[in-house]
Amino acid sequence: MKDLVCGMEVNEDTGHMSKYKGKKYAFCSPVCKKRFDREPEKYVKE
Ligand SMILES: [Zn+2]
């Protein structure tokens, strides 16, 4: 799964997961997760 914040390829087992509009997203670190949680609409292109 791709970390939408920094573009890194991350494993879903890292534990840094967020949910947005019913979809799960994985992040390489708590920092990326926080950024996503703050403004998910900026990273999710639909
Ligand atoms: Zn990241």
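Amide H to amide H, which residues 5 or more places from residue 20 or on other chains are under 5 Å from it, using H placed in the peptide plane?
For residue 20, whose amide H was placed from the backbone, the distant partners under 5 Å are 25.
Report the label-to-label distance for residue 12 and residue 38 in nanometres (one decimal), using points 7 Å from each Cα along the Cα→Cβ vector.
Between residue 12 and residue 38, the label points sit 2.8 nm apart.
Kindly provide the helix-only [θ] at 222 nm of the chain, computed as the sum of -39,500 (n - 2.57) over DSSP H runs of four or more divided by all residues, to the nearest 500 deg cm²/dmol?
So the calculated ellipticity at 222 nm is -6500 deg cm²/dmol.
Based on the Cα coordinates of the chain, what is the per residue volume of their convex hull in Å³?
Spelled out: Cα convex hull of the chain, divided by residues, is 66 Å³.
Could you give me the ³J(HN,Hα) list for the range 32-39, computed from phi with Karplus coefficients 6.51, -1.76, 1.60 and θ = phi - 60°, whole Hz, x at Gly and Pro?
Once rounded to whole Hz, the list reads 5, 4, 4, 4, 5, 4, 6, 8.
Values in this text are rule-based calculations from the coordinates and carry no lab data. Model, not experiment: these values are computed from the prediction. Don't worry about glycine lacking a Cβ; one is built from the backbone with ideal geometry, like all the others, and counts go over all protein chains shown.
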